[in-house]
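One structure below.
The values are calculated or read from the model by the stated rules, or taken from the named source; none is laboratory data. Just so it is clear, the model here is predicted, and its values are computed rather than measured. Glycine also receives a Cβ, built like all others from the backbone with ideal geometry; neighbour counts cover every protein chain displayed. Just so you know, the surface numbers come from the protein's heavy atoms only, side chains and all, with ligands and any DNA or RNA stripped out. Shrake-Rupley method; radii C 1.70, N 1.55, O 1.52, S 1.80 Å.
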Amino acid sequence: MAVIERKEVGDGIVECLIDSSNIIKSEYNENGKSLVLTFKGGTRYQYEGVLHRDYVRFEVSESQGSVFNKTMRKYTHNKLDNIDIEPLKQRIQEIKEG
């Protein structure tokens with residue numbers, strides 16, 4: 001599975017670190033039905049009105065990229081500020097190394 005760390009951080013928010021070719025992190029707000037995806041280049045997009053079932057399908061998929069292309073692109077989205085993904089990459093490496 002590409003999700004290698006999942007945290008429920010409160011207020012209906014789930015954060016996942018993802019080991020995929022393009023997506024590195026997801027942040028889903030179940031109450032607000034929004035999903036923020038961080039891509040490996042540091043770009044971030046917020047998707048609005050994301051149904052819980054679509055998010056669950058995304059999270060449990062063997063290929064988040066495939067579900068993203070088929071499902072998430074239909075949602076209204078906005079580009080957010082880019083971030084430095086080095087800390088996320090380091091955390092993923094730590095998890096992989098055990």
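I'd like to know if the range 78-89 contains one or more residues that are of a type outside the set (S, T, N, Q), open to solvent by less than 20 Å² (accessible area, probe 1.4 Å) and out of contact with any Gly (no Cβ under 8 Å at 6 or more places or on another chain).
Scanning the range 78-89, I find no residue that is of a type outside the set (S, T, N, Q), open to solvent by less than 20 Å² (accessible area, probe 1.4 Å) and out of contact with any Gly (no Cβ under 8 Å at 6 or more places or on another chain), so the answer is no.
Having 1 or more residues that are acidic (Asp, Glu) is the bar; report the helices (runs of 4 or more DSSP H) wholly within the range 21-98 that clear it.
52-60, 86-97
Are any residues in the range 56-68 over 17 Å from Glu27 (Cβ atoms) and either in contact with a Gly (Cβ under 9 Å, 6 or more places away or on another chain) or open to solvent by 90 Å² or more (accessible area, probe 1.4 Å) (or both), and if so, which ones?
The answer is Glu62, and nothing else.
Could you check how many residues of the range 35-81 are basic (Lys, Arg) and under 21 Å from Gly12 (Cα atoms)?
Going through the range 35-81 one residue at a time, the tally reaches 3.
Could you list all residues from the range 2-19 that are farther than 14 Å from Leu35 by Cβ and not in a strand (DSSP E or B)?
Within the range 2-19, Ala2, Asp11, Asp19 meet the criteria.
Among the numbered criteria (1) touching a residue at least 40 places away in the same chain (Cβ under 8 Å); (2) surrounded by 13 or more Cβ atoms within 10 Å (Cβ to Cβ), which one does Ser21 miss?
Unmet condition: (2).
Looking only at the range 9-27, which residues are out of contact with any helix residue (DSSP H, G or I) (no Cβ under 8 Å at 6 or more places or on another chain) and modelled with pLDDT of 95 or more?
Result: Ile13, Glu15, Glu27.
So which residues in the range 45-55 are of a type in the set (Ser, Thr, Tyr) and crowded, with 18+ Cβ neighbours inside 10 Å?
Those that are of a type in the set (Ser, Thr, Tyr) and crowded, with 18+ Cβ neighbours inside 10 Å: Tyr47, Tyr55.
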